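Here's the structure we're looking at; comments come further down.
The values are calculated or read from the model by the stated rules, or taken from the named source; none is laboratory data. What you see is a predicted model; the values in this text were computed from it and never measured. Here the Cβ positions follow ideal geometry from the backbone for every residue, glycine too, while neighbour counts run over all protein chains shown. Just so you know, the surface numbers come from the protein's heavy atoms only, side chains and all, with ligands and any DNA or RNA stripped out. Shrake-Rupley method; radii C 1.70, N 1.55, O 1.52, S 1.80 Å.
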Amino acid sequence: MSDCIFCRIAKQEIPATVVYEDESVIAFKDLSPQAPVHILIIPKKHVASLMEVRAEDSQTLAHIMGEVVPKLANEQQLSAGFRVVINTGEEGGQTVNHLHFHLLGGRSMQWPPG
Ligand code: 5GP
Ligand code: ZN
């Protein structure tokens with residue numbers, strides 16, 4: 001989607017600090033980090049939210065969770081632990097309507113989240 005900020009980042013039309021990229025996924029540093037490590041991992045394909053995911057997207061989501069997250073967690077030296085968050089919809093706190101996984105680490109996390 002041409003008016004979607006994360007689609008524009010995926011196409012490198014606007015700048016971001018990219019930490020990982022392959023044919024279906026790109027990961028970049030959050031503009032407003034909430035932890036020492038705060039990376040956003042997104043499918044390059046525009047999917048508005050977890051509510052919009054379809055069966056055809058499951059391979060990309062499995063790739064993110066099964067390969068990209070552990071790779072980045074290793075690279076970012078998060079062996080002490082980390083959190084992966086997918087804010088979904090208005091009450092879920094989603095502000096950008098392109099599916100994204102927050103990878104947060106480098107400090108102790110609180111529970112329950114706000
Ligand atoms: P959400 O609230 O939708 O779960 O998360 C959206 C995230 O995107 C926020 O953490 C916000 O800081 C980040 N963000 C919003 N716009 C940009 C941008 O243009 N570049 C980057 N790198 N991060 C952004
Ligand atoms: Zn998009």
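Can you tell me which of (1) open to solvent by less than 40 Å² (accessible area, probe 1.4 Å); (2) hydroxyl-bearing (Ser, Thr, Tyr); (3) part of a loop (DSSP other than H, G, I, E, B) is the one Thr60 doesn't meet?
(3)
For segment 61-88, give me each residue that is within 16 Å of ligand 2 (Cβ to nearest atom) and not hydroxyl-bearing (Ser, Thr, Tyr).
Result: Leu61, Ile64, Ile86, Asn87.
From the set of residues in segment 11-53 that are within 15 Å of ligand 2 (Cβ to nearest atom), without any contact (Cβ under 8 Å) to a residue 60 or more places away in the chain and not in a loop (DSSP other than H, G, I, E, B), which is nearest to Asn87 (Cα to Cα)?
So, considering only residues that are within 15 Å of ligand 2 (Cβ to nearest atom), without any contact (Cβ under 8 Å) to a residue 60 or more places away in the chain and not in a loop (DSSP other than H, G, I, E, B), the one nearest to Asn87 (Cα to Cα) is Leu50.
In segment 1-56, how many residues are within 20 Å of Ala73 (Cα to Cα), within 11 Å of ligand 1 (Cβ to nearest atom) and among the small types (Gly, Ala, Ser)?
So the answer is 4.
When you look at Leu40, is it open to solvent by 30 Å² or more (accessible area, probe 1.4 Å), of a type in the set (A, V, I, L, M, F, W, C) and under 14 Å from the mean Cα position of the chain (by Cα), yes or no?
no
If you go through segment 61-82 one residue at a time, do you hit one that is within 15 Å of ligand 1 (Cβ to nearest atom) and basic (Lys, Arg)?
No, every residue in segment 61-82 fails to be within 15 Å of ligand 1 (Cβ to nearest atom) and basic (Lys, Arg).
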